[in-house]
1. Quick check: is even one residue across region 195-207 more than 24 Å from residue 78 (Cβ to Cβ), without any contact (Cβ under 8 Å) to a residue 40 or more places away in the chain and crowded, with 17+ Cβ neighbours inside 10 Å?
2. One residue is enough: does region 134-146 have a residue meeting the conditions in contact with a helix residue (DSSP H, G or I) (Cβ under 9 Å, 6 or more places away or on another chain) and assigned to a helix (DSSP H, G or I)?
3. Pairs please, first residue from region 7-32 and closer than 15 Å to residue 55 by Cα, second anywhere and surrounded by fewer than 19 Cβ atoms within 10 Å (Cβ to Cβ) and at pLDDT 95 or above, Cβ atoms under 6 Å, 6+ apart in sequence or on different chains.
4. What number of residues within region 75-108 are under 17 Å from the mean Cα position of the chain (by Cα), closer than 24 Å to residue 43 by Cβ, without any contact (Cβ under 8 Å) to a residue 40 or more places away in the chain and not in a loop (DSSP other than H, G, I, E, B)?
5. Quick one: in region 208-217, which of the residues that are surrounded by 18 or more Cβ atoms within 10 Å (Cβ to Cβ) and touching a residue at least 60 places away in the same chain (Cβ under 8 Å) is farthest from the chain's Cα centre (by Cα)?
6. Any idea which of (1) in contact with a strand residue (DSSP E or B) (Cβ under 8 Å, 6 or more places away or on another chain); (2) more than 20 Å from residue 217 (Cβ to Cβ); (3) part of a loop (DSSP other than H, G, I, E, B); (4) modelled with pLDDT of 95 or more is the one residue 42 doesn't satisfy?
7. For region 5-29, which positions are touching a strand residue (DSSP E or B) at 6+ places or on another chain (Cβ under 9 Å) and more than 30 Å from residue 196 (Cβ to Cβ)?
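The values are calculated or read from the model by the stated rules, or taken from the named source; none is laboratory data. These figures come from a predicted structure and were not determined experimentally. Virtual Cβ from ideal backbone geometry, glycine too; neighbours counted across all protein chains shown.
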């Protein structure tokens, strides 16, 4: 069962401002990445389930978080059908992220009052997602649409909350562009948890990078 309601997760996403995204087939690597992000201040993370037996890895990771990392909230991304969403909810996922708009997934999540973030790329898709009860839209791939897309949507629809994922960079300049355009929060994957960090197993560097990114976001938001 999920630890938090969808409203609690929304509040946490807004407060944190940045969601680390990560997948690795090795549970031990995942634990080290999660701990590094946790030590850097993250209390919410998306496990991007993109490999074979990813559900097994998530099960191990979520049990680890519940036992060793108080207050850490895990969700699952790259979910493409209702059956997979149900499986991860049974394993305690606190939110579900999808690469596209899937009504079947919305029904599964809404039934259990779990937050779901559908990937949308048009105003029509965004409107449909919100009609289905969506609280936060995932703009994917973010670098294809850019900050101007968010600003354009927020004009006629100031109530729409958008999280760009894909192409967001953990630099003050890039984050400022997204937040000035009206981003609700941002998703950061390989730009944050880099191949170099994983290859060198330099998890202290990851902790520092996460902490620095949060400090950028806090400063940027305070000046909006």
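1. Going through region 195-207, the residues more than 24 Å from residue 78 (Cβ to Cβ) turn out to be 200-202, 204-205, 207.
Cutting the leftovers down to without any contact (Cβ under 8 Å) to a residue 40 or more places away in the chain gives us 200, 202, 205.
Pick out the ones that are also crowded, with 17+ Cβ neighbours inside 10 Å and you get none.
No: zero hits.
2. yes
3. As it stands, the answer is 27/60; 31/64, since those pairs meet every condition given.
4. 4
5. Keep residues of region 208-217 that are surrounded by 18 or more Cβ atoms within 10 Å (Cβ to Cβ), which gives 209-210, 213, 216-217.
Those left that are additionally touching a residue at least 60 places away in the same chain (Cβ under 8 Å): 209-210, 213, 217.
Details: 209: 17, 210: 14, 213: 15, 217: 15 Å.
Going through the qualifying residues, I end up with 209.
6. Result: residue 42 fails condition (2) only.
7. Hits for region 5-29 are 5, 6, 7, 8, 9, 10.
Okay, residues lined up against (1) in contact (Cβ under 8 Å) with a residue 60 or more places away in the chain; (2) assigned to a loop (DSSP other than H, G, I, E, B); (3) within 20 Å of the chain's Cα centre (by Cα); (4) farther than 15 Å from residue 18 by Cβ:
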| residue | (1), (2), (3), (4) |
| --- | --- |
| 150 | no, no, yes, yes |
| 156 | no, yes, no, yes |
| 164 | no, no, yes, no |
| 168 | no, yes, yes, no |
| 184 | yes, yes, yes, no |
| 193 | yes, yes, yes, no |
| 219 | no, no, no, no |
